[in-house]
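Comments concern the structure below.
The values are calculated or read from the model by the stated rules, or taken from the named source; none is laboratory data. Note that the structure is predicted; figures quoted are calculated from it, not measured. Cβ sites come from the backbone with ideal geometry, for glycine too, and all protein chains shown count toward neighbours.
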There are 2 protein chains.
Amino acid sequence: MSVYNFSAGPAVMPKPVIEQIQRELPSLNNSGMSILEISHRSQQFEQIMADAVANIKDLMAIPDDYHVLFLQGGGTGQFAAAPLNLATKHRSIALLDSGHWAAKAGAEAKKLRFHVTTLATTESGKYRELPRLNQTIPANSFDYLHVTINNTIEGTAYHEVPESNIPIVGDMSSNFLGERYDVKDFGMIFAGAQKNLGPAGVTIVIIKDELMHHVDGIPSIFDYQLNADKNSMLNTPPVFAIYASGLVLKWLKEQGGVDEMEKRNRAKSSKFYDYLDQSHLFNCPAFKDDRSLTNIVFSTTHDKLDQAFVEEATNAGLLNLKGHRSVGGLRASLYNAMPMAGVDALIDFLYQFEKDHKEVTTHVSN
Amino acid sequence: MSVYNFSAGPAVMPKPVIEQIQRELPSLNNSGMSILEISHRSQQFEQIMADAVANIKDLMAIPDDYHVLFLQGGGTGQFAAAPLNLATKHRSIALLDSGHWAAKAGAEAKKLRFHVTTLATTESGKYRELPRLNQTIPANSFDYLHVTINNTIEGTAYHEVPESNIPIVGDMSSNFLGERYDVKDFGMIFAGAQKNLGPAGVTIVIIKDELMHHVDGIPSIFDYQLNADKNSMLNTPPVFAIYASGLVLKWLKEQGGVDEMEKRNRAKSSKFYDYLDQSHLFNCPAFKDDRSLTNIVFSTTHDKLDQAFVEEATNAGLLNLKGHRSVGGLRASLYNAMPMAGVDALIDFLYQFEKDHKEVTTHVSN
């Protein structure tokens, strides 16, 4: 069955990568062992890890004074690890409240007894636009500013990193390597692989060396300095997830890197947004300047019709278009591995669905 | 190239499981999506997770008042999570110091500012035998007793769980499902998958419900109660590692379950230990009653000869026989997925190696 998978994550991966994994699954590099069986202390895996780190550095043009770590535990793990490692001076972090995941990050830091201050929020407008700093952050108040760079659930993204006089910790889980950012603008970036990189089970942390230091009394698997000292092999790493992500990184380079991905993601998302904006049935709530290139939130604004849409789309092989349970509606994630053909198929389907439900569009436009 | 992989972990997996993963990698159950791409919120994955939990419960005859959790972060993560969740009353744990990993568990708890008391140690005897309790543990002193059930590095295992009047937390990473234990003897069991279960990237926790409770101020990904409430899907779980482990669980059931595995592991390890015990060159340091069924530590007692052995064995397709860097020597891990044919090939190789190095055996026996 040929399908397009619009899931927000775990999500579609490049077909050639899946094929390569399948091909070499029984025996990696003619070793007689599967990637699932090789030791993380083997030369083979050390090379896989070194290549993955080098390729992320190259793709993102990461300056030499940053480390790239492969950890476990996802964004939720980093919501704890970031304050535990970085908020040691003031025990206080600042936040731009741009939606669900920003709030979750704040709640986790609070749970761990850090002070959390929301400097700006767009909650009252249902997060249709991004909160922005209209002030200089008071000196010596906060250890860092947490920013959710791409808001997977609300369909918004900071295309310009907020100017900040304190280090920014950027949650880039859902547009990692899908859009060009200047790493120098961040003290730290983190991303779960399972959206725009690879399979679930590995989390990437990119951190400026000067922010890392040994911290007393925190769990070792969260300790960035310790993990950096051990080249992300403090304990057994998720070998397969790193291997698969590594293949995606190589694929990204072959395709032309982050700039090419951004170009394609802009082309895909613009085409889809353009369709939504002219539609009499479908609606996109996100403000134009703040729209995500990777997660497109839309709706017919009728719950039952949204539900019918998801069902009919599923039958047509257009999968996982249901919006996040916290906001409802519809969502199409157009990650790096989603080809333009998938977007075209989706638009064709929306067009037909709209035609089939003329009575609703008339009602709406009245 | 046909090889036998004696790695202590990540380690050999059953061949039929690798073949099944390969076969269904491009499209799981004719969904058009790879297991690497399906959402953890999909019905397909919910079934995979439910089956995996049910099969572990069945295989280990786990009583109804225990939960089975799939987490991330390995044993090192659990060295932190266990005291954070369970040592809330006395902030104090007891330990049987049976070797490297027991000491690591103690060090991590100390790092997190728990009191750690070693009730028995066999360090002075280089951990060739297991430490045993020769006293009743004082009431109201410790929250639990940490026991490393199988000592991967030292090649020892508790075949009888120590009698304890406080809950036991058992680290079963390297003989999980390879030997029959009564789960009722434990307050909690944990195991990284990458030794005797599946690929690296998932950690199993089996915990008695009465020991679980919400704990303030600990990282959410470590919170057992929270993870239990969310059926191990508090955040995106390591989908592929759970799927692959699930296939191994099904294979284990087809093979006859834990009792059959223990029978085979006893047969495999006995044959190998018998060979070592009659050898004039190779030596097994572990005391007979305490020998592990899964990790067999041995040596020629000559560093250079051990090194030559590893090199020649590697050339013969007998891989990863080097002992852990902390103790040197040699080690063969004979996990559930290692067939008797692998043990036979290894013994044949030892026999030939001994014949080729007669001058040393003569020297040793003088």
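A few remarks follow.
- Given (1) over 19 Å from residue B:27 (Cα atoms); (2) part of a loop (DSSP other than H, G, I, E, B), index of the condition residue A:10 fails: (1)
- Residues that are of a type in the set (S, T, N, Q) and in the same structural domain as residue A:193 (by TED's automatic domain parsing) do not occur anywhere in the stretch A:3-14.
- Verdict on residue A:245 being under 30 Å from residue B:195 (Cβ atoms) and polar (S, T, N, Q): yes
- Screening residue B:9 against (1) within 10 Å of chain A (Cβ to nearest Cβ); (2) crowded, with 17+ Cβ neighbours inside 10 Å; (3) at negative phi leaves a single unmet condition, (3).
- Test: residue in the stretch B:51-70 that is touching a residue at least 24 places away in the same chain (Cβ under 8 Å), assigned by TED's automatic domain parsing to the domain that holds residue B:225, under 15 Å from residue B:198 (Cα atoms) and polar (S, T, N, Q): yes
- Checked against (1) under 19 Å from residue B:200 (Cβ atoms); (2) within 10 Å of chain B (Cβ to nearest Cβ), residue A:204 passes all but a single condition, namely (2).
- Helices (runs of 4 or more DSSP H) enclosed by the stretch B:238-332 - at least 2 residues per element that are crowded, with 19+ Cβ neighbours inside 10 Å and assigned by TED's automatic domain parsing to the domain that holds residue B:131: B:239-255
- For residue A:22: the one exception among (1) surrounded by fewer than 16 Cβ atoms within 10 Å (Cβ to Cβ); (2) within 8 Å of another protein chain (Cβ to nearest Cβ); (3) free of Cβ contacts under 8 Å to residues at least 24 places away in the same chain: (1)
- The stretch B:48-79 - residue that is within 12 Å of chain A (Cβ to nearest Cβ) and among the small types (Gly, Ala, Ser) and, of those, nearest to residue B:213 (Cα to Cα): B:77
- Restricting attention to the stretch A:207-232, the residues being hydrophobic (A, V, I, L, M, F, W, C), in a loop (DSSP other than H, G, I, E, B) and within 11 Å of chain B (Cβ to nearest Cβ) number 2.
- Which numbered condition residue B:156 fails, given (1) of a type in the set (Ser, Thr, Tyr); (2) buried (at least 23 other Cβ atoms within 10 Å of the Cβ); (3) in contact with a strand residue (DSSP E or B) (Cβ under 6 Å, 6 or more places away or on another chain): (3)
- Qualifying residue in the stretch B:29-46 (condition: more than 12 Å from chain A (Cβ to nearest Cβ) and outside any loop (DSSP other than H, G, I, E, B)): yes
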